[in-house]
Amino acid sequence: MILEDNLGAEGDSVYAALMAAHEGLSEAESHALNARLVLM
C-alpha cells in the first residue's frame, strides 16, 4: 500500500477534473468511465 501523497498540491484539481469528467454522463456512461479509470 502506498502511503505517500503522490498528487501533492494538485490533488484537489485532479479530483475536480474527475468530477467534471462525469458531468452530463448517464449512470451507465459514468460506470464505463470509472471502469476505464480503474484500468489506468
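No lab work stands behind these numbers, since they all come straight from the coordinates. This structure is a prediction, so every number in the text was calculated from the model and none was measured. Cβ: placed from backbone, ideal geometry, glycine included. Neighbour counts: every protein chain shown.
On C-alpha positions alone, give me the angle between the axis of helix 11-22 and the longest principal axis of the chain, in degrees, nearest 10.
10 degrees
If I fit a long axis through the Cα atoms of helix 27-38 and take the longest principal axis of the Cα atoms of the chain, what angle between them do I get, 0 to 90°, rounded to 10?
30 degrees
When the Debye formula is applied to the Cα atoms of the chain, each taken as the same point scatterer, what base-10 log of I(q)/I(0) results at q = 0.34 Å⁻¹?
Cα-only, vacuum Debye calculation for the chain: -1.07.
Per DSSP H run of n ≥ 4, the term is -39500 (n - 2.57); total these for the chain, divide by its residue number, and report the mean residue ellipticity at 222 nm rounded to 500 deg cm²/dmol.
Value at 222 nm, helices only: -18500 deg cm²/dmol.
In debye, nearest 20: dipole of the chain around its Cα centre with unit charges on the Cβ of K, R (+) and D, E (-)?
My answer is approximately 160 debye.
Could you order peptides 17-27, 1-11 by the average number of other Cβ atoms within 10 Å of their residues, highest first?
Highest to lowest by the protection proxy: 17-27, 1-11.
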